[in-house]
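Report on the structure given below.
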Amino acid sequence: MKRDEVIPILYEMALTIGGETSVDPLLTRCLQRLLYYTSFPAGFICLDLPKADTDGMDFLTVTLDAAVGDYQLIKHVGEQLALPKQLLLGPALKADDQSELLSGMPATQGRYQAFLRLPIGNLGVIILMAPQMPETELPLTLMFDPIMAHLERAILLCRNNDRYAAQLIADKQQADTRAEFLALHDALTGLPNRGLLLDRIQQAMAMGTHTGQYGALMTLNIDHFKQLNDYYGYEACDQILIDTARRLEACVREGDTVARFGGDEFMLLIWPLPATQNEAAIQAEQIAQKVQKSLTPPLELNGRELAASFSIGISLFRAHLDALETVLRNAETSVYQAKIAGRNTIRFFDPGLQSVITTRLALEADLRRAMPLNEFRLYYQIQADDQGRITGAEVLIRWQHPKRGLVSPAVFIPLAEETGAIVEIGDWVMQMACEQLRAWQQHARMRHLELAVNVSAVQFHQQDFIDKVCRLMADYGEIAGLLKLELTESVMLDSAEEVIHKIQILKNLGLRFSMDDFGTGYSSLAYLKRLPLDQLKIDQSFVRDIANDPSAAVIIQTIIGMAQNLGLEVIAEGLETKEQLALLKQYGCRHYQGYLLGRPLPINEFDAVFAQANPGLAYE
């Protein structure tokens, strides 16, 4: 090799080094080119040599990062070897007659006599070996200095790239693993999802064909979960679902499956059970009772305890005697039966109630469409004072179903509260009441009329209820004093302090408040005296019995006396006879509502009352 060949060699080596992006191929390719240009037959590379004090040590433990030209040496790539310290450390060196030093190499069997050492800066060293020193005129220990500096930088860059590539691969593997998990599990709770549960039900049914054993599908719903979601928010209720999942996992048998079927619905696959139906039912109920007991302790929610309740339905199945769809439908029906029975209870599937559940589900679907299809109607029932003057009306909603006819509020209002549809319905009723009050302002005879609007506890506890009413009053502020919101005592069952605060905010806007159905709920008198109310409405059950039940009469007198002491107005609903009216007047009640004054009327008929020459009521 001649000196004028040095520049092309260095150029080609630089291209080789610059063309690699990963450490392992970089080291191998560089070593191959060095062996080719120096005529050494074999060589290896060790990186990250020990930095600590090595005095008194003849051998260093290093990693063999690359090897070329010696098959026995190549087998040890990636391993840690004890190599002669004198061989590895020091400046660039070309040495011959080093058989004793090189004999310390593993598996070389004394084949090598000469070596060339090329340090890679502070990163490591390249050792080229030969049986005898190759002949060359080139200064090998000097000419590769710039290449070694270039190689050092390239190794650092390639290591960074390798780490980045390894992280990408690890992230992808993690994402793939997560995707595989989520395909069969619920993202929030980590429980098996619907797809995995259905697969396991089918497996249980197939095994039951051979064993004759029963299985059970247990459906569990969190009672009033929609209201909890609206009141506490999604994040808090997600924690309820997670805590419920952990409790369920802890109380089922090994081999049973706990799954989240969607929303607040959990399903438990209990298999195997005994081969006789009675024994299977007994064992399934025992497990359900254990589940119910484990869910009884209050949940921790936002630093406070929440005693949630659960409805549990159980449906037994055996092999393929029932189709999978039937098993699922029966399980859903059983939990509806538990809800109908009063919630927080356990019920087995009863075929006799299937038609009732089907009707209810159909009504629920129709209810969701009622608002967009404009099927709700508003009726107005007169409220009057003891002088026969009409003071206003209560706004009552009716559902004009295209096939069922007029659906009673007693039927659809509880369903609307359960499904959350009551919020949209309540917002609409309040909007329409404001529009009607504004329209009456154009008529001298009607501009004094008040309207009472029922506000469901579900609607009242919505986080944005205050904001909605404030926005409404920004548009209808002139009639605020004529709008009366009727609340039931159920709003006080939770967060009484917050209820008082909300009422006070709305009172500041000019709105008035009435406690509806008073005497039938659970209001604390301590809270009642602090509630910024304007009116108490005596429940119609007491008014109905006032003439023939002394207890009812005493309760009415007590309510009236308490209201007078608190400075509250009293109105009696459900007034139907003159005898009832006479007693109410005698006890000091001055405002009334009921069929004696008039049935609920559509707005056109209600307005017609004031088209008369002397609108009013003659009690005598």
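Bear in mind these aren't lab numbers, they're just calculated from the coordinates by the rules spelled out. Keep in mind the model is a prediction, meaning the values are calculated, not measured. Every residue, glycine among them, receives a Cβ derived from its backbone with ideal geometry; neighbour counts consider all protein chains shown.
Which of the listed residues, PHE348, LEU101, ALA308, is farthest toward the dipole's positive end in the chain, when Lys, Arg count +1 and Asp, Glu count -1 at the beta-carbon? Looking along the dipole axis, the top candidate is PHE348. Does segment 91-160 come out rounded, prolate or oblate, given a ≥ b ≥ c as the square roots of the eigenvalues of its C-alpha gyration tensor, rounded meaning a/c under 1.5 and, failing that, prolate meaning a/b above b/c? Oblate, since a/c reaches 1.5 and b/c is not below a/b.
A Cβ-based charge dipole, computed about the Cα centre of segment 364-609 with Lys and Arg at +1 and Asp and Glu at -1, lands at about 560 debye.
Helix 277-294 axis versus longest C-alpha principal axis of the chain: approximately 90°, rounded to the nearest ten. Using R0 = 22 Å, the C-beta based FRET efficiency linking SER294 and PHE181 works out to 0.30. Computed extension gain for ARG590 through GLU5, at 0.36 nm per residue and net of the alpha carbon distance, reaches 198.7 nm. Taking the Cα-to-Cβ direction at ILE500 and at ALA206 and moving 7 Å from each Cα, how far apart do the two end points lie in nm? Going from the ILE500 label point to the ALA206 one covers 6.4 nm. Stokes-Einstein diffusion for segment 3-163, with the hydrodynamic radius set to the Kirkwood value over Cα pairs and evaluated at 4 °C in a medium of 1.567 mPa s, equals 81 µm²/s.
By the beta-carbon count within 10 Å of each Cβ, the least crowded to most crowded order of TYR214, TYR595, TYR231, fewest first, is TYR595, TYR231, TYR214. Since only HIS224, MET129, LEU273 are under comparison, the one whose Cα sits farthest along the positive direction of the charge dipole of segment 124-274, derived from C-beta charges on Lys, Arg, Asp and Glu, is LEU273.
Projected label points at LEU101 and LEU156, each 7 Å from Cα along the beta carbon direction, are separated by 2.9 nanometres.
Out of [x] 216; [y] 288; [z] 182, which label holds the value of volume of the Cα convex hull per residue in Å³ that was computed here? Correct label, based on the coordinates given: [y].
At an R0 of 51 angstrom, the distance between the Cβ atoms of GLU79 and LEU321 translates into a FRET efficiency of 0.20.
Cross-link reach is defined here as a Cα-Cα straight distance under 15 Å, omitting same-chain residues fewer than 8 places apart; for LYS585 the aspartates and glutamates meeting it are ASP385, ASP386, GLU569, GLU573, GLU576, GLU620. Here the chain carries DSSP beta bridges of which approximately 70% are antiparallel, counting only pairs with both residues inside. Tell me the angle of helix 194-211 to the major Cα principal axis of the chain, expressed in degrees between 0 and 90 and rounded to the nearest ten. Roughly 90 degrees between the two axes.
The order of ARG471, ARG530, going from fewest to most other C-beta atoms within 10 Å of their C-beta, is ARG471, ARG530. Shape call for segment 364-609 from the C-alpha gyration tensor, a ≥ b ≥ c root eigenvalues: rounded (a/c under 1.5), prolate (a/b greater than b/c) or oblate? Rounded is the answer for segment 364-609, as its axis ratio a/c remains below 1.5. As I understand it, the value is the acute angle between the Cα axis of helix 145-182 and the longest principal axis of the Cα atoms of the chain; what does it come to in degrees, rounded to 10? Roughly 30 degrees between the two axes. Gyration tensor analysis over the Cα atoms of segment 194-349 returns equivalent ellipsoid semi-axes of 28, 14, 14 Å (largest first, whole Å).
Which shape class, rounded, prolate or oblate, goes with segment 279-419 when its Cα gyration tensor gives a ≥ b ≥ c as root eigenvalues, a/c under 1.5 marks rounded, and past that a/b bigger than b/c marks prolate? The shape class here is oblate.
Evaluated with a Cβ-only charge set (Lys, Arg +1; Asp, Glu -1), segment 318-441 carries a dipole of roughly 300 debye about its Cα centre, given to the nearest 20. Label-to-label distance, GLN564 versus GLN167, with points set 7 angstrom from Cα along the beta-carbon direction: 8.1 nm. Each of ALA582, ILE242, GLN213 was scored by the projection of its Cα onto the charge dipole of the chain, and the greatest displacement toward the positive side belongs to ALA582; charges sit on the C-beta of Lys, Arg, Asp and Glu.
Rounded to the nearest 20, the Cβ-based charge dipole of the chain about its Cα centre (Lys and Arg +1, Asp and Glu -1) stands at 1060 debye.
Pairs over the 31 Å Cα-Cα cut-off, from the set LYS339/LYS484; LYS51/LYS172; LYS226/LYS502; LYS502/LYS537; LYS226/LYS403; LYS339/LYS578: LYS339/LYS484; LYS51/LYS172; LYS339/LYS578. Between LEU406 and GLN612, the contour length at 0.36 nm per residue exceeds the Cα-Cα span by 71.2 nm.
With R₀ fixed at 30 Å, the C-beta to C-beta distance from ARG369 to ASN604 puts the FRET efficiency at about 0.70.
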